[in-house]
Amino acid sequence: MTESTTLWVVLALALFWAVGAYNRLVRLRGQVLLAFQPLDARMAQFIALLQEQSPMAFDPLRTHPALAGSGLWAGLQAACTQFDVSLRVVRKQVLDAESVAALQSAYTTLQVWWDRLVTECHEQRPQTLPASWQIAWMDNRRLVGDTLEAFNQAVQVHNVAIAQFPALVLARIFGFRSAGSL
C-alpha cells in the first residue's frame, strides 16, 4: 500500500467514526428530549390541579373563609406561577442546565408551599382540603418521581457521552453542552 492510499484509508475511517459519533450524540440528545415529555405532562398536572381547585371551589360549608385570604394559599399560587413559567422555559430548552436548575428550584418551592398548606389545614382547619385533591396531588408527586428517574438517567448518559474523548472534540465543535438533571 502506498502512503497516499494509507492516508485516504485513515481519513475515511476518521470520517466514518466522526459521522457515527455525531449520530450517537444526536440520538442521545433526542433521548433526553423524549424522556422529558412524560415528565412535562406529569409536572403540568400540578398546575392543572391548582387551577381547577381554589378555596372558593371547595364546599362552602366546609371551607374556612380564612383560607381564601390565607398567606399560604397566596404563597402556593405564587409558587405555582413560578413553576409554570420555569416549566415553559424548559420546554423550549430542555438541555439548558440553568433552565433545568430553575425548574428544580420552582418544583421544590411548589412542594414546600403545598406541604405547608396541608399541614396548616390539618392542624387548624380540618376538612378544609378535600381528601380527593390531596390524594391526586400525592399520586402525581409519586408519578413525577418515576418519570424523573428516566429523565435523569437519559441526562446522565448524554452528559457522559459528550465528556468522553474523542467524542468530546465533536461535542465542542457542534456545541453539545451538558444537560441539567432534576
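The values are calculated or read from the model by the stated rules, or taken from the named source; none is laboratory data. Remember, predicted model here, so these are calculated numbers, not experimental data. Every residue, glycine as well, gets a Cβ built from its backbone with ideal geometry; the counts of neighbours run over all protein chains shown.
Annotation: of all residues in the stretch 144-177 being in contact (Cβ under 8 Å) with a residue 24 or more places away in the chain and not in a helix (DSSP H, G or I), the one that is surrounded by the most Cβ atoms within 10 Å (Cβ to Cβ) is 176. One residue stands out in the stretch 112-131 among those that are surrounded by fewer than 17 Cβ atoms within 10 Å (Cβ to Cβ) and at pLDDT 80 or above: the one that is farthest from the chain's Cα centre (by Cα), namely 119. Within the stretch 132-145, can one find any residue that is at pLDDT 90 or above, under 19 Å from the mean Cα position of the chain (by Cα) and closer than 24 Å to residue 28 by Cβ? Yes, the conditions are met somewhere in the stretch 132-145.
I'd like to know if the stretch 159-182 contains one or more residues that are farther than 27 Å from residue 18 by Cα, among the hydrophobic types (A, V, I, L, M, F, W, C) and at pLDDT 90 or above. Scanning the stretch 159-182, I find no residue that is farther than 27 Å from residue 18 by Cα, among the hydrophobic types (A, V, I, L, M, F, W, C) and at pLDDT 90 or above, so the answer is no. When every residue of the stretch 89-109 is checked against the conditions, at least one turns out to be of a type in the set (Gly, Ala, Ser), touching a residue at least 60 places away in the same chain (Cβ under 8 Å) and more than 21 Å from residue 45 (Cβ to Cβ).
Do we have any residue at all in the stretch 53-64 that's of a type in the set (A, V, I, L, M, F, W, C) and modelled with pLDDT of 75 or more? Outline the logic, then answer.
Of all residues in the stretch 53-64, those of a type in the set (A, V, I, L, M, F, W, C) come to 56-58, 61.
Going one step further and asking which of them are modelled with pLDDT of 75 or more, we end up with none.
No, because not a single residue in the stretch 53-64 is of a type in the set (A, V, I, L, M, F, W, C) and modelled with pLDDT of 75 or more.
So, of the residues in the stretch 15-38 that are closer than 15 Å to residue 170 by Cα and of a type outside the set (A, V, I, L, M), which turns out to be surrounded by the most Cβ atoms within 10 Å (Cβ to Cβ)? Step by step, filter the stretch 15-38, then rank; the result is 29. The condition (being under 30 Å from residue 171 (Cα atoms), at pLDDT below 85 and either outside any helix (DSSP H, G or I) or of a type in the set (Gly, Ala, Ser) (or both)) is satisfied by just one residue among 12, 41: 12.
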